[in-house]
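Participant: Right, I'll just put the structure down here and ask away after.
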Amino acid sequence: MNLVRHCAAWSWLLVVPLAAQSGTAPQPARAASGRMTDAQAAELAKGALGAGDPASIRAALTRLRGHTFKNSRVPERELVLYAQGILEARLGNLSAATVALKKLEKQWPKSPFMGEAQVILAEDAVANRRYKEAEGRLHQALASDIPSEQKRKPQELLIWTLAEQERHQEALPIVQSLRPLEGNERPSERGLAAIVEVLSTAGEKEQAQGSLKDFQNLFPNSALMPRVDLAWARLLGRSGNAAEAAQIFRKLIQDHPESSQADDARLALANLLTDGSLPDTKGLPSAESLLAEVRRGGKGLPKGTAQIVELRLFVEKTLWEEALNLVDRMDNTLREGQPEVKKLWTQAWRSWVGQRLEKGFPGELLTRLKAGTFGALDAKLRTGVVELLAERGLLDLLPRLLPEAPAAERAGLRKAALAKVQPEAQPQALLRMLPAKGDTADEALQRARAEAAQEHWAPLRAALPRAKAGPERIQAVLRLLQRPIQPPDTTAKRLAEAEGFLSRAPEKGEVREPLMILVADLRLQLGDAKGALAMYPAKAAASEQRGWVALMRAQALMKLGQREQAKALIKDARDEQGFKGQRDALAKSLGAY
């Protein structure tokens with residue numbers, strides 16, 4: 001469209017006939033046939049645009065709707081479609097206005113009327129929640145050459161559209177660059193409500209308060225008042241005026257209990273009640289009751305702040321498992337990005353683990369030992385966990401957990417776990433935890449016991465010299481010496497090996513006695529009854545060995561021809577436990593009893 005036509009189109013709106021100025025649309029002369037010409041339809045449309053009387057507008061619309069143009073592309077139709085859209089919108093018939101203006105858009109997409117038309121089409125898009133479409137149309141309207149005094153409306157509608165999508169930060173520059181109102185102009189209800197919301201969200205307290213007062217004065221009974229109050233109260237809460245914010249939230253809940261903002265106010269008030277910012281809560285509902293109201297009717301709590309409030313309540317009531325389950329249900333962004341959530345989770349986790357350690361049941365603990373959770377415990381609890389797992393046969397889990405502990409703790413944790421382990425019960429897991437080189441005497445003893453349990457004779461023999469002296473090392477030595485004798489091994493070689501261990505054994509007294517008995521047994525097997533008698537104790541220190549030792553000593557005495565001594569010995573040992581059948585048979589053959 002050339003510049004001459006462009007200017008001419010706007011001139012149609014500026015030149016208003018006398019009849020239009022009086023509020024009545026002019027009635028164009030009819031053609032001879034009784035119907036309007038296209039030119040007459042355009043004149044009627046132009047006059048109706050200046051009419052202020054709804055009845056006149058409706059009459060003009062009726063005639064314009066009934067008019068049939070010569071063809072769809074006649075220039076007069078452009079003005080008529082524009083006028084129909086504008087007039088329908090004035091009467092509140094947004095859907096009818098949209099139909100006419102979309103026809104205009106389709107036939108004349110670059111029409112000079114499209115700037116104003118885009119605003120009405122955007123209103124329809126907003127009404128039907130087609131926000132992206134509305135944004136596009138409003139940006140086109142603002143970029144068009146509609147008069148500057150008409151740009152305030154699309155600006156406000158764009159602010160509202162962005163606020164509806166919670167894109168307040170994007171709306172802030174538009175709010176700050178709004179065309180000032182002049183004369184008797186006043187903002188739209190939605191526009192001013194959105195302005196308060198945007199300024200409040202941005203923390204612009206002074207500007208938000210001014211816009212709030214304007215809204216309260218201009219629209220005191222507005223259905224948007226709860227929305228405006230909610231935004232303002234949230235700003236107060238964030239800026240340290242928790243007491244004032246709490247009162248606004250409470251009033252909103254009381255005055256508008258069924259509004260869509262009421263639940264947001266309940267959650268916001270519950271947040272203030274639980275975050276420590278309200279030292280005086282007299283006269284306010286409890287956080288629990290507020291959450292219960294939000295849940296009424298089977299509704300669940302929304303994610304975000306509501307979950308943090310509930311988490312605080314669980315921790316306050318020492319409901320540790322409920323707190324942990326709640327954090328598990330949170331979005332990862334909230335769980336990992338909120339320091340308060342991490343702090344409360346850590347408190348709940350440590351307390352919950354402490355309870356499980358007291359009960360001594362690792363089952364529930366295992367389901368929660370995910371990556372990072374072991375490291376979140378304190379040193380005492382980490383020790384308790386590794387000890388419990390070790391005791392319950394779950395030593396295999398420790399190589400995964402220990403790297404999460406501080407490096408300075410790991411050796412101590414390993415030692416604590418190994419101290420709780422019976423190597424014979426978890427030999428493979430234990431061996432994986434022991435150092436390859438440089439083990440301590442305690443670690444060497446555990447290695448020896450684990451290797452013995454698996455009948456790994458060479459590693460067992462290598463570990464024994466380094467192992468801590470004591471009855472457990474002696475038992476490992478016995479396990480090695482009692483292995484099956486297979487060629488080229490012989491009983492004589494086994495005796496020599498046993499005597500070697502005995503001669504080098506650091507153990508003294510009763511501790512080494514089981515090894516002495518084994519050496520004596522081997523000597524007796526090889527016919528050295530005298531040597532065996534010299535090695536057997538007169539009375540074994542361990543009660544379970546006494547029956548055996550008495551039997552072997554009696555047999556050795558008999559081989560040496562000392563029947564009476566054998567008879568007396570076996571008689572004296574009659575009440576000892578172990579090998580009683582064999583001893584009774586020997587006693588009977590000797591006539592001991």
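The values are calculated or read from the model by the stated rules, or taken from the named source; none is laboratory data. Small disclaimer: the values here were computed from a predicted structure and weren't measured. Virtual Cβ from ideal backbone geometry, glycine too; neighbours counted across all protein chains shown. Protein only, heavy atoms only, side chains kept; ligands, DNA and RNA dropped before computing areas. Shrake-Rupley method; radii C 1.70, N 1.55, O 1.52, S 1.80 Å.
Participant: Among (1) of a type in the set (D, E, K, R); (2) under 22 Å from S260 (Cβ atoms); (3) open to solvent by 70 Å² or more (accessible area, probe 1.4 Å), there is one condition E310 misses while meeting the rest; what is its number?
Facilitator: (3)
Participant: Return the residues of region 257-272 that are open to solvent by less than 40 Å² (accessible area, probe 1.4 Å) and under 21 Å from Q307 (Cα atoms); say none if nothing qualifies.
Facilitator: Q261, A262, D263, A265, R266, L267, A268, L269, A270, N271, L272
Participant: Six or more apart or on different chains, Cβ atoms under 8 Å: show the pairs whose first residue is in region 568-593 and on the phi < 0 side of the Ramachandran plot and whose second is among the aromatic types (F, W, Y).
Facilitator: K571/Y593; R574/Y593; A587/Y593
Participant: Sort out which residues of region 358-393 are hydroxyl-bearing (S, T, Y) and at pLDDT 95 or above, and write them in order of number.
Facilitator: T373, T383
Participant: Return a yes/no flag: does region 277-285 have any residue that is in contact (Cβ under 8 Å) with a residue 12 or more places away in the chain, buried (at least 19 other Cβ atoms within 10 Å of the Cβ) and either in a helix (DSSP H, G or I) or charged (D, E, K, R) (or both).
Facilitator: Scanning region 277-285, I find no residue that is in contact (Cβ under 8 Å) with a residue 12 or more places away in the chain, buried (at least 19 other Cβ atoms within 10 Å of the Cβ) and either in a helix (DSSP H, G or I) or charged (D, E, K, R) (or both), so the answer is no.
Participant: While we're looking at this one, here's another question. Could you list, ordered by first residue, the pairs with Cβ atoms under 6 Å in which the first is in region 144-168 and farther than 19 Å from A127 by Cβ and the second is hydroxyl-bearing (S, T, Y) and open to solvent by 40 Å² or more (accessible area, probe 1.4 Å), at least 6 apart or interchain?
Facilitator: Hits for this filter: H168/T201.
Participant: Now a separate question. Somewhere in region 346-368, is a residue touching a residue at least 40 places away in the same chain (Cβ under 8 Å) and more than 30 Å from G393 (Cβ to Cβ)?
Facilitator: no
Participant: Suppose the filter is touching a residue at least 24 places away in the same chain (Cβ under 8 Å) and either more than 27 Å from I146 (Cα to Cα) or touching a strand residue (DSSP E or B) at 6+ places or on another chain (Cβ under 9 Å) (or both); does S188 pass it?
Facilitator: So S188 fails the test.
Participant: Name the residues in region 578-593 that are surrounded by 17 or more Cβ atoms within 10 Å (Cβ to Cβ) and not in a helix (DSSP H, G or I), would you?
Facilitator: Within region 578-593, G578, F579, A592 meet the criteria.
Participant: Does region 551-559 include one or more residues that are among the polar types (S, T, N, Q) and open to solvent by 60 Å² or more (accessible area, probe 1.4 Å)?
Facilitator: Looking for residues that are among the polar types (S, T, N, Q) and open to solvent by 60 Å² or more (accessible area, probe 1.4 Å), one finds at least one in region 551-559, hence yes.
Participant: Among (1) over 15 Å from the mean Cα position of the chain (by Cα); (2) modelled with pLDDT under 95; (3) under 30 Å from P427 (Cβ atoms), which single condition is Q355 missing?
Facilitator: Of the numbered conditions (1) over 15 Å from the mean Cα position of the chain (by Cα); (2) modelled with pLDDT under 95; (3) under 30 Å from P427 (Cβ atoms), the odd one out for Q355 is (3).
Condition check ((1) at pLDDT below 95; (2) in a loop (DSSP other than H, G, I, E, B)) across all residues:
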{"site": "E499", "(1), (2)": "no, no"}
{"site": "E507", "(1), (2)": "no, yes"}
{"site": "V519", "(1), (2)": "no, no"}
{"site": "R523", "(1), (2)": "no, no"}
{"site": "G531", "(1), (2)": "no, no"}
{"site": "E544", "(1), (2)": "yes, no"}
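Participant: For region 92-119, which residues satisfy the criterion of being of a type in the set (A, V, I, L, M) and under 24 Å from S148 (Cα atoms)?
Facilitator: L94, A97, L101, L104, M114, A117, V119
Participant: Identify all residues within region 136-158 that are part of a loop (DSSP other than H, G, I, E, B), open to solvent by 30 Å² or more (accessible area, probe 1.4 Å) and either among the hydrophobic types (A, V, I, L, M, F, W, C) or under 22 Å from L172 (Cβ atoms) (or both); write none if there are none.
Facilitator: Answer for region 136-158, where residues must be part of a loop (DSSP other than H, G, I, E, B), open to solvent by 30 Å² or more (accessible area, probe 1.4 Å) and either among the hydrophobic types (A, V, I, L, M, F, W, C) or under 22 Å from L172 (Cβ atoms) (or both): just K151.
Participant: Every residue in region 543-563 that is farther than 16 Å from K588 by Cβ and out of contact with any Phe, Trp or Tyr (no Cβ under 8 Å at 6 or more places or on another chain), please.
Facilitator: S543, E544, Q545, R546, L557, K559, L560, G561, Q562
Participant: A follow-up question, please. On the given criteria, is I570 open to solvent by less than 50 Å² (accessible area, probe 1.4 Å) and modelled with pLDDT under 95?
Facilitator: In short, yes.
Participant: Tell me, please, whether a residue that is closer than 29 Å to A208 by Cα and of a type in the set (S, T, Y) can be found in region 161-183.
Facilitator: Yes: region 161-183 contains one or more residues that are closer than 29 Å to A208 by Cα and of a type in the set (S, T, Y).
Participant: With respect to K370, is the statement that it is open to solvent by 20 Å² or more (accessible area, probe 1.4 Å) and part of a helix (DSSP H, G or I) true?
Facilitator: no
Participant: Still on this structure, I have one more. Can you name every residue in region 232-256 that is open to solvent by 10 Å² or more (accessible area, probe 1.4 Å) and either within 30 Å of E185 (Cβ to Cβ) or among the acidic types (D, E) (or both)?
Facilitator: W232, R234, E244, I248, D255, H256
Participant: Just a yes or no: is a residue in region 99-110 open to solvent by less than 40 Å² (accessible area, probe 1.4 Å), within 27 Å of A194 (Cα to Cα) and part of a helix (DSSP H, G or I)?
Facilitator: Looking for residues that are open to solvent by less than 40 Å² (accessible area, probe 1.4 Å), within 27 Å of A194 (Cα to Cα) and part of a helix (DSSP H, G or I), one finds at least one in region 99-110, hence yes.
Participant: If you don't mind, there's one more thing I want to ask. Output the helices (runs of 4 or more DSSP H) that fall wholly within region 399-497 and possess 3 or more residues being within 21 Å of V519 (Cα to Cα) and open to solvent by 40 Å² or more (accessible area, probe 1.4 Å), or say none.
Facilitator: Filter on region 399-497 gives 457-463, 471-481.
Participant: For A540, state whether it is at pLDDT below 95 and open to solvent by less than 30 Å² (accessible area, probe 1.4 Å).
Facilitator: The answer is yes for A540.
Participant: Can you pull out the residues in region 391-449 that are among the acidic types (D, E) and under 21 Å from R479 (Cα atoms)?
Facilitator: Within region 391-449, E424, D442, E443 meet the criteria.
Participant: Quick test for you: out of A270, A292, pick the one residue that is of a type in the set (A, V, I, L, M, F, W, C), closer than 20 Å to K343 by Cβ and under 23 Å from the mean Cα position of the chain (by Cα).
Facilitator: It is A270.
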